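Q: Here it is, the structure, as structure tokens.
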Amino acid sequence: MVNRLVQKYPNYVFIKIKTNSKDITNIKDKYMALRTTSVQQFLHFVRFKDITLLSKNATLLMFVDNKIPRLTDDLGTLYEKYKDNHGLLHIQIETESVFGNQISFRV
């Protein structure tokens, strides 16, 4: 099935998303993105278009083959390097609270 899509849409990559995070509830599990889309653009799209209930203190972490790709990498490069034999790029997305709690200082 994916191989037919690859032939029909050669400028796109086909992505399968997995997550174990309980903070991420309503995420789609399959995406089709342009090869020139950067990791940062893709994470922004997923964060603000699909995951609407995520806390503002949480950030998304993306793993490809148990590694965090650079935000400037494009999906086409990752796809060619890590796609499976079915033509899918498997991405693991997790959340992490990076901003912590607000601390008030007294002088």
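Q: Quick one: is Thr95 among the β-branched types (Val, Ile, Thr), surrounded by 12 or more Cβ atoms within 10 Å (Cβ to Cβ) and modelled with pLDDT under 95?
A: So Thr95 passes the test.
Q: Determine, yes or no, whether Arg35 is closer than 16 Å to Leu88 by Cα and surrounded by 13 or more Cβ atoms within 10 Å (Cβ to Cβ).
A: Yes.
Q: Tally the residues that are closer than 21 Å to Glu96 by Cβ and among the aromatic types (Phe, Trp, Tyr), restricting the search to region 52-84.
A: 1
Q: Among residues belonging to region 18-27 that are over 11 Å from the mean Cα position of the chain (by Cα) and surrounded by fewer than 17 Cβ atoms within 10 Å (Cβ to Cβ), point out the one that is nearest to Gln92 (Cα to Cα).
A: That would be Asn20.
The values are calculated or read from the model by the stated rules, or taken from the named source; none is laboratory data. Please read these numbers as outputs of a predicted model, since none were measured by experiment. All Cβ positions, even for glycine, are placed from backbone atoms using ideal geometry, and neighbour counts span all protein chains on display.
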